[in-house]
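Chemist: Mind looking over this structure? Questions follow.
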Amino acid sequence: MFDARILDATRGQIEAFADKLERRGLTADQVTWAGFAIGLSALPLLALGAELLALSAIIVNRVADGVDGALARRQGPTDRGAFLDIVLDFIFYAAVVLGFALQNPQQNAITAALLLFSFMGTASSFLAFAIMAERRKLKSLEFPRKGFYYLGGLTEASETVGFFLVCCLFPLLFPLLGTLFALLCLVTTGMRIKAGIETLDNS
């Protein structure tokens, strides 16, 4: 819901950071993998109860996710890069949820399972539509810089990361916040299915 606005607001800082990394010889793929490795460390950190360190890892992962895209546009975007970007993002999201489940299984496991169920809906509707959109050569006007058709909704990347950060700051609220966020994800899935059907019928 807020992704487009946040991307516009942070573009200057992201481009400046990408410029520094490019001058040091780093590639978009290297930043993607480094960001993923740091983000994945949130799983054991959450499991151990180190929420603030996990929060830092999540923020670094998201910064890297913006910078690798800026580098890719400078160095020449590739299908491999776009593929890696989305696959590693979804693995990262699931890893954070698993981290909360392992932190307190008795309190968090059911909520984590519900979240992963809802993430399956948002991810599958997102990726399935991207495949169909590519076949029909459809382009997203809202996210023209993306390497694939970016179908929005109530719970996009910004909302998901915001949810993670709040849960890191207030881990005891994970069951409540996770349940509410899962419901929003299910609404987003329904919205994407509806929008996908209508777009494909009319294209």
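The values are calculated or read from the model by the stated rules, or taken from the named source; none is laboratory data. Bear in mind the structure is a predicted one, so any value in this text is a computation, not a measurement. In this analysis, Cβ positions are derived from the backbone assuming ideal geometry, glycine residues included, and neighbour counts consider all displayed protein chains.
Chemist: Across region 75-109, which residue is farthest from the chain's Cα centre (by Cα) among those that are among the charged types (D, E, K, R) and surrounded by 15 or more Cβ atoms within 10 Å (Cβ to Cβ)? Explain how you work it out, then say what you get.
Modeler: We begin by selecting, within region 75-109, every residue among the charged types (D, E, K, R); these are 79-80, 85, 89.
Subset that is surrounded by 15 or more Cβ atoms within 10 Å (Cβ to Cβ): 85, 89.
Values: D85: 9, D89: 5 Å.
Among them, the one singled out is D85.
Each row is one residue, and each column tells you yes or no for (1) under 17 Å from A195 (Cβ atoms); (2) part of a loop (DSSP other than H, G, I, E, B); (3) modelled with pLDDT under 95; (4) among the aliphatic types (A, V, I, L, M).
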| residue | (1), (2), (3), (4) |
| --- | --- |
| D85 | no, no, yes, no |
| L98 | no, no, no, yes |
| Q106 | no, no, no, no |
| S140 | yes, yes, yes, no |
| L151 | yes, yes, yes, yes |
| F163 | no, no, no, no |
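Chemist: Could I ask something else about it? Which condition breaks for L173 when tested against (1) buried (at least 17 other Cβ atoms within 10 Å of the Cβ); (2) assigned to a helix (DSSP H, G or I)?
Modeler: Checking L173 against (1) buried (at least 17 other Cβ atoms within 10 Å of the Cβ); (2) assigned to a helix (DSSP H, G or I), the one that fails is (1).
Chemist: Okay, next question. When only residues in region 12-62 that are of a type in the set (K, R) and either under 17 Å from the mean Cα position of the chain (by Cα) or outside any helix (DSSP H, G or I) (or both) count, which is modelled with the highest pLDDT?
Modeler: R62
Chemist: To continue, here is another question. Just for region 118-136: of the residues that are within 26 Å of L71 (Cβ to Cβ) and either modelled with pLDDT of 95 or more or of a type outside the set (D, E) (or both), which one is nearest to the chain's Cα centre (by Cα)? Walk me through how you get there before you give the answer.
Modeler: Filtering region 118-136 for residues within 26 Å of L71 (Cβ to Cβ) gives 123, 126-127, 130-131, 133-134.
Next, only the ones that are either modelled with pLDDT of 95 or more or of a type outside the set (D, E) (or both) stay: 123, 126-127, 130-131, 133.
Values: A123: 10, F126: 12, L127: 13, A130: 15, I131: 18, A133: 20 Å.
Step by step, filter region 118-136, then rank; the result is A123.
Chemist: Any residue that is free of Cβ contacts under 8 Å to residues at least 60 places away in the same chain, in contact with a helix residue (DSSP H, G or I) (Cβ under 9 Å, 6 or more places away or on another chain) and surrounded by fewer than 17 Cβ atoms within 10 Å (Cβ to Cβ) - is there at least one of those in region 64-73?
Modeler: Checked region 64-73: no residue is free of Cβ contacts under 8 Å to residues at least 60 places away in the same chain, in contact with a helix residue (DSSP H, G or I) (Cβ under 9 Å, 6 or more places away or on another chain) and surrounded by fewer than 17 Cβ atoms within 10 Å (Cβ to Cβ).
Chemist: While we're on this one: With respect to the numbered conditions (1) of a type outside the set (S, T, Y); (2) under 23 Å from A123 (Cβ atoms); (3) out of contact with any helix residue (DSSP H, G or I) (no Cβ under 6 Å at 6 or more places or on another chain); (4) modelled with pLDDT under 85, which one is the sole condition not fulfilled by R80?
Modeler: (4)
Chemist: Can I ask one more? With respect to the numbered conditions (1) buried (at least 22 other Cβ atoms within 10 Å of the Cβ); (2) under 26 Å from G190 (Cβ atoms); (3) hydrophobic (A, V, I, L, M, F, W, C); (4) touching a residue at least 60 places away in the same chain (Cβ under 8 Å), which one is the sole condition not fulfilled by L46?
Modeler: Answer for L46: the failing condition is (2).
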